[in-house]
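In what follows, a single structure is set out as C-alpha coordinates and then discussed.
The values are calculated or read from the model by the stated rules, or taken from the named source; none is laboratory data. All values derive from a computational prediction rather than experimental measurement. With ideal geometry, Cβ positions are generated from the backbone for all residues, glycine too; neighbour counts draw on all protein chains shown. Side chains included, ligands, DNA and RNA excluded: accessible areas come from the protein's heavy atoms. Shrake-Rupley method; radii C 1.70, N 1.55, O 1.52, S 1.80 Å.
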Amino acid sequence: MKLLEFPHSHYCEKARWALDYKRIPFERVALMPGFHMRTVRRHAPRTSVPVLLTDKEVVQGSSEIIDYLDERFSDRQLTPQDSLSKNECIQFESELSDKFGEPLRTILYDRLLAFPDYIRFCFTNPMSPAKRILFRLYYPMLKKLMHQAYVKSEKRVAGAKETFFSSLDELEARISGNDYLYEGRFTRADLSVCAMLALLVLPPEFPVSWPEMPDHEIEKLHNDYQNHPVCVWVRRIYALHRN
Ligand SMILES: N[C@@H](CCC(=O)N[C@@H](CS)C(=O)NCC(=O)O)C(=O)O
(Lines give C-alpha, C1' and ligand atoms only; values in the text may rest on other atoms or scores of the structure.)
Protein backbone atom coordinates (compact mmCIF):
# COMPACT_ATOMS: atom_id res chain seq x y z
CA MET A 1 0.00 0.00 0.00
CA LYS A 2 1.06 3.58 -0.61
CA LEU A 3 -0.06 6.72 1.16
CA LEU A 4 0.16 9.93 -0.86
CA GLU A 5 0.80 12.67 1.67
CA PHE A 6 2.13 16.02 2.76
CA PRO A 7 4.24 14.82 5.71
CA HIS A 8 3.29 17.65 8.09
CA SER A 9 -0.44 17.65 7.31
CA HIS A 10 -2.67 16.78 10.25
CA TYR A 11 -5.10 14.99 7.92
CA CYS A 12 -2.25 12.83 6.63
CA GLU A 13 -1.15 12.15 10.20
CA LYS A 14 -4.66 10.88 10.93
CA ALA A 15 -4.50 8.36 8.07
CA ARG A 16 -0.88 7.41 8.86
CA TRP A 17 -1.71 6.82 12.52
CA ALA A 18 -4.65 4.56 11.59
CA LEU A 19 -2.37 2.48 9.34
CA ASP A 20 0.33 2.27 12.00
CA TYR A 21 -2.19 1.46 14.72
CA LYS A 22 -3.50 -1.44 12.68
CA ARG A 23 0.10 -2.52 12.00
CA ILE A 24 -0.36 -2.40 8.25
CA PRO A 25 2.88 -1.87 6.33
CA PHE A 26 2.69 0.99 3.83
CA GLU A 27 4.97 3.26 1.85
CA ARG A 28 4.76 6.98 2.46
CA VAL A 29 4.93 9.05 -0.72
CA ALA A 30 5.52 12.74 -0.05
CA LEU A 31 4.18 15.04 -2.77
CA MET A 32 5.24 18.56 -3.69
CA PRO A 33 2.39 21.01 -3.09
CA GLY A 34 1.16 22.42 -6.38
CA PHE A 35 2.62 19.51 -8.37
CA HIS A 36 0.61 17.13 -6.15
CA MET A 37 -2.55 17.98 -8.09
CA ARG A 38 -1.52 16.12 -11.23
CA THR A 39 -0.41 13.04 -9.30
CA VAL A 40 -3.49 12.90 -7.07
CA ARG A 41 -5.91 13.56 -9.94
CA ARG A 42 -4.48 10.57 -11.79
CA HIS A 43 -5.98 8.41 -9.04
CA ALA A 44 -8.79 10.28 -7.30
CA PRO A 45 -11.62 12.75 -7.94
CA ARG A 46 -10.30 15.60 -5.75
CA THR A 47 -6.77 16.96 -5.38
CA SER A 48 -6.46 16.58 -1.61
CA VAL A 49 -4.22 14.21 0.35
CA PRO A 50 -4.17 11.78 2.09
CA VAL A 51 -4.88 9.20 -0.59
CA LEU A 52 -4.39 5.50 0.05
CA LEU A 53 -3.45 3.37 -2.95
CA THR A 54 -3.80 -0.39 -2.71
CA ASP A 55 -3.28 -2.93 -5.50
CA LYS A 56 -6.86 -2.48 -6.61
CA GLU A 57 -8.38 0.44 -4.77
CA VAL A 58 -7.99 4.15 -4.21
CA VAL A 59 -9.28 5.73 -1.01
CA GLN A 60 -9.23 9.51 -0.67
CA GLY A 61 -9.80 11.31 2.64
CA SER A 62 -8.68 10.52 6.17
CA SER A 63 -12.08 9.35 7.47
CA GLU A 64 -12.70 7.25 4.37
CA ILE A 65 -9.28 5.63 4.89
CA ILE A 66 -10.22 4.66 8.47
CA ASP A 67 -13.56 3.27 7.20
CA TYR A 68 -11.69 1.27 4.59
CA LEU A 69 -9.11 -0.09 7.03
CA ASP A 70 -11.73 -1.12 9.59
CA GLU A 71 -13.73 -2.90 6.88
CA ARG A 72 -10.76 -4.77 5.43
CA PHE A 73 -8.71 -5.41 8.57
CA SER A 74 -10.86 -6.46 11.48
CA ASP A 75 -8.07 -6.44 14.08
CA ARG A 76 -7.78 -3.40 16.36
CA GLN A 77 -11.09 -1.83 15.30
CA LEU A 78 -11.05 1.95 15.48
CA THR A 79 -14.79 2.37 14.94
CA PRO A 80 -17.01 1.78 17.99
CA GLN A 81 -18.90 -1.51 17.82
CA ASP A 82 -22.10 -0.40 19.52
CA SER A 83 -24.31 1.18 16.84
CA LEU A 84 -25.34 4.21 18.91
CA SER A 85 -21.72 5.02 19.86
CA LYS A 86 -20.70 4.38 16.26
CA ASN A 87 -23.17 6.92 14.88
CA GLU A 88 -22.28 9.51 17.51
CA CYS A 89 -18.57 8.92 16.96
CA ILE A 90 -18.82 9.32 13.18
CA GLN A 91 -20.82 12.54 13.65
CA PHE A 92 -18.27 13.80 16.20
CA GLU A 93 -15.39 13.02 13.81
CA SER A 94 -17.11 14.75 10.90
CA GLU A 95 -17.23 18.00 12.92
CA LEU A 96 -13.53 17.97 13.82
CA SER A 97 -12.40 19.43 10.55
CA ASP A 98 -14.58 22.54 10.98
CA LYS A 99 -13.79 22.88 14.68
CA PHE A 100 -10.06 22.16 14.71
CA GLY A 101 -8.47 21.03 11.45
CA GLU A 102 -9.31 23.96 9.19
CA PRO A 103 -9.19 26.76 11.80
CA LEU A 104 -5.77 25.64 13.07
CA ARG A 105 -4.45 25.49 9.51
CA THR A 106 -5.69 29.05 8.93
CA ILE A 107 -4.14 30.31 12.19
CA LEU A 108 -0.78 28.70 11.38
CA TYR A 109 -0.55 29.65 7.71
CA ASP A 110 -1.58 33.23 8.49
CA ARG A 111 1.75 33.60 10.29
CA LEU A 112 4.00 30.93 8.81
CA LEU A 113 3.64 31.58 5.07
CA ALA A 114 5.93 34.56 5.69
CA PHE A 115 8.78 32.12 6.43
CA PRO A 116 9.72 30.34 3.19
CA ASP A 117 12.50 28.25 4.77
CA TYR A 118 10.13 26.88 7.38
CA ILE A 119 7.45 26.01 4.85
CA ARG A 120 10.05 24.55 2.48
CA PHE A 121 11.37 22.29 5.23
CA CYS A 122 7.85 21.09 6.07
CA PHE A 123 7.00 20.25 2.49
CA THR A 124 10.29 19.04 1.04
CA ASN A 125 12.32 17.66 3.95
CA PRO A 126 12.34 14.07 2.67
CA MET A 127 12.95 15.12 -0.96
CA SER A 128 15.97 15.57 -3.22
CA PRO A 129 18.04 18.81 -3.20
CA ALA A 130 16.77 19.50 -6.75
CA LYS A 131 13.17 19.49 -5.53
CA ARG A 132 14.07 21.77 -2.66
CA ILE A 133 15.57 24.25 -5.12
CA LEU A 134 12.51 23.99 -7.31
CA PHE A 135 10.32 24.66 -4.28
CA ARG A 136 12.35 27.76 -3.47
CA LEU A 137 11.84 29.06 -7.02
CA TYR A 138 8.12 28.65 -7.18
CA TYR A 139 7.35 29.46 -3.54
CA PRO A 140 6.21 33.06 -4.22
CA MET A 141 3.46 31.74 -6.49
CA LEU A 142 2.59 28.88 -4.13
CA LYS A 143 2.42 31.29 -1.20
CA LYS A 144 -0.24 33.33 -3.00
CA LEU A 145 -2.26 30.19 -3.76
CA MET A 146 -1.99 28.89 -0.20
CA HIS A 147 -2.93 32.27 1.22
CA GLN A 148 -5.95 32.39 -1.03
CA ALA A 149 -6.99 28.83 -0.15
CA TYR A 150 -6.34 28.76 3.59
CA VAL A 151 -5.98 32.29 4.97
CA LYS A 152 -7.87 34.70 2.68
CA SER A 153 -8.57 37.60 5.04
CA GLU A 154 -8.11 38.97 8.56
CA LYS A 155 -11.80 38.36 9.11
CA ARG A 156 -11.38 34.68 8.32
CA VAL A 157 -8.36 34.43 10.65
CA ALA A 158 -10.34 36.06 13.47
CA GLY A 159 -13.22 33.64 12.85
CA ALA A 160 -10.80 30.69 12.83
CA LYS A 161 -9.38 31.75 16.21
CA GLU A 162 -12.83 32.14 17.72
CA THR A 163 -13.95 28.71 16.46
CA PHE A 164 -10.72 26.97 17.42
CA PHE A 165 -10.49 28.25 20.98
CA SER A 166 -14.18 27.79 21.76
CA SER A 167 -13.95 24.23 20.38
CA LEU A 168 -11.00 23.59 22.70
CA ASP A 169 -13.13 24.70 25.68
CA GLU A 170 -15.97 22.48 24.52
CA LEU A 171 -13.61 19.52 24.20
CA GLU A 172 -12.08 20.22 27.61
CA ALA A 173 -15.53 19.82 29.19
CA ARG A 174 -16.10 16.66 27.17
CA ILE A 175 -12.91 14.86 28.17
CA SER A 176 -12.94 16.00 31.79
CA GLY A 177 -12.78 12.84 33.93
CA ASN A 178 -12.66 10.56 30.86
CA ASP A 179 -9.67 8.69 29.51
CA TYR A 180 -11.32 8.21 26.10
CA LEU A 181 -14.22 9.69 24.15
CA TYR A 182 -16.21 6.52 23.29
CA GLU A 183 -16.64 3.06 24.79
CA GLY A 184 -13.93 3.68 27.41
CA ARG A 185 -11.29 2.69 24.86
CA PHE A 186 -9.14 4.18 22.11
CA THR A 187 -11.23 4.79 18.99
CA ARG A 188 -11.08 6.83 15.81
CA ALA A 189 -12.57 9.77 17.75
CA ASP A 190 -9.51 10.00 20.03
CA LEU A 191 -7.16 9.38 17.11
CA SER A 192 -8.82 12.06 14.98
CA VAL A 193 -8.89 14.76 17.67
CA CYS A 194 -5.25 14.11 18.53
CA ALA A 195 -4.12 14.17 14.90
CA MET A 196 -6.05 17.43 14.32
CA LEU A 197 -4.36 18.99 17.36
CA ALA A 198 -0.87 17.62 16.71
CA LEU A 199 0.16 20.88 15.05
CA LEU A 200 -0.60 22.71 18.31
CA VAL A 201 0.75 20.10 20.74
CA LEU A 202 3.77 18.89 18.68
CA PRO A 203 3.88 15.50 20.45
CA PRO A 204 7.27 13.77 20.31
CA GLU A 205 5.66 10.68 18.72
CA PHE A 206 4.58 12.68 15.63
CA PRO A 207 6.65 10.81 13.04
CA VAL A 208 8.06 13.84 11.23
CA SER A 209 10.56 16.34 12.61
CA TRP A 210 9.84 20.03 12.97
CA PRO A 211 12.16 22.89 12.04
CA GLU A 212 12.78 25.57 14.64
CA MET A 213 9.76 27.84 14.96
CA PRO A 214 10.58 31.17 13.30
CA ASP A 215 7.47 33.06 14.43
CA HIS A 216 7.11 34.40 17.98
CA GLU A 217 3.32 34.49 17.90
CA ILE A 218 3.02 30.79 16.99
CA GLU A 219 5.80 29.90 19.41
CA LYS A 220 3.83 31.68 22.13
CA LEU A 221 0.68 29.83 21.11
CA HIS A 222 2.55 26.50 21.40
CA ASN A 223 4.01 27.43 24.78
CA ASP A 224 0.80 28.88 26.22
CA TYR A 225 -1.21 25.76 25.40
CA GLN A 226 1.19 22.98 26.43
CA ASN A 227 -0.46 22.70 29.86
CA HIS A 228 -4.02 23.14 28.66
CA PRO A 229 -5.99 20.03 29.79
CA VAL A 230 -6.83 19.13 26.18
CA CYS A 231 -3.17 19.31 25.14
CA VAL A 232 -2.12 17.24 28.16
CA TRP A 233 -4.75 14.66 27.14
CA VAL A 234 -3.52 14.70 23.51
CA ARG A 235 0.08 14.08 24.66
CA ARG A 236 -1.12 11.19 26.85
CA ILE A 237 -3.06 9.56 24.00
CA TYR A 238 -0.08 9.99 21.66
CA ALA A 239 2.25 8.44 24.25
CA LEU A 240 -0.08 5.48 24.82
CA HIS A 241 -1.26 4.75 21.28
CA ARG A 242 1.16 6.16 18.73
CA ASN A 243 3.82 3.44 19.00
N1 LIG B 1 -11.34 16.15 4.48
C2 LIG B 1 -10.04 15.82 3.96
C3 LIG B 1 -9.18 17.07 4.05
C4 LIG B 1 -7.79 16.85 3.49
C5 LIG B 1 -7.04 18.15 3.27
O6 LIG B 1 -7.54 19.26 3.52
N7 LIG B 1 -5.82 18.03 2.73
C8 LIG B 1 -5.00 19.18 2.39
C9 LIG B 1 -3.66 19.09 3.10
S10 LIG B 1 -3.80 19.48 4.80
C11 LIG B 1 -4.72 19.15 0.88
O12 LIG B 1 -4.46 18.11 0.32
N13 LIG B 1 -4.74 20.33 0.24
C14 LIG B 1 -4.40 20.46 -1.14
C15 LIG B 1 -5.54 20.23 -2.08
O16 LIG B 1 -6.71 20.09 -1.64
O17 LIG B 1 -5.28 20.21 -3.30
C18 LIG B 1 -9.45 14.64 4.76
O19 LIG B 1 -9.89 14.43 5.91
O20 LIG B 1 -8.59 13.93 4.24
Within region 156-225, list the chymotrypsin sites (Phe, Trp or Tyr not before Pro) lying in a DSSP loop whose Cβ has at most 10 other Cβ atoms in a 10 Å radius.
none
Hey, if we sort Glu71, Glu64, Glu154 by accessible area with the 1.4 Å probe, largest down, what's the order?
Glu154, Glu71, Glu64
Net charge near Val193 (other residues with Cβ under 10 Å of its Cβ; Lys, Arg +1; Asp, Glu -1) is +2
Within region 129-179, what is the number of lysine pairs with alpha carbons under 18 Å apart, leaving out pairs fewer than eight places apart on the same chain?
5
Bins of 10 Å, beginning at zero and ending with the bin holding the largest distance: percent of Cα pairs per bin for region 75-169, please.
14, 31, 25, 21, 8, 0
Convex hull volume of region 118-243 per residue (C-alpha atoms, cubic angstrom):
130 Å³
Could you work out [θ]222 nm for the chain from helices alone, using -39500 (n - 2.57) per DSSP H run of at least four and dividing by all its residues? Round to the nearest 500 deg cm²/dmol.
-18500 deg cm²/dmol
Using the C-alpha atoms of region 2-72, what convex hull volume per residue, in cubic angstrom, is computed?
79 Å³
Per residue, the convex hull enclosing the Cα atoms of region 72-120 spans a volume in Å³ of 108 Å³
Say we join alpha carbon atoms closer than 10 Å with springs in a Gaussian network model of the chain; which of Leu134, Leu78, Leu53 then has the biggest fluctuation?
Leu134
Cα-based Rg of the chain normalised by 2.2 N^0.38 Å, two decimals:
1.00
Stokes-Einstein at 10 °C, 1.306 mPa s, Kirkwood radius from Cα pairs: D for region 29-140 in µm² s⁻¹?
95 µm²/s
Give me the accessible area per residue for the chain, probe 1.4 Å, as a whole number in Å².
50 Å²
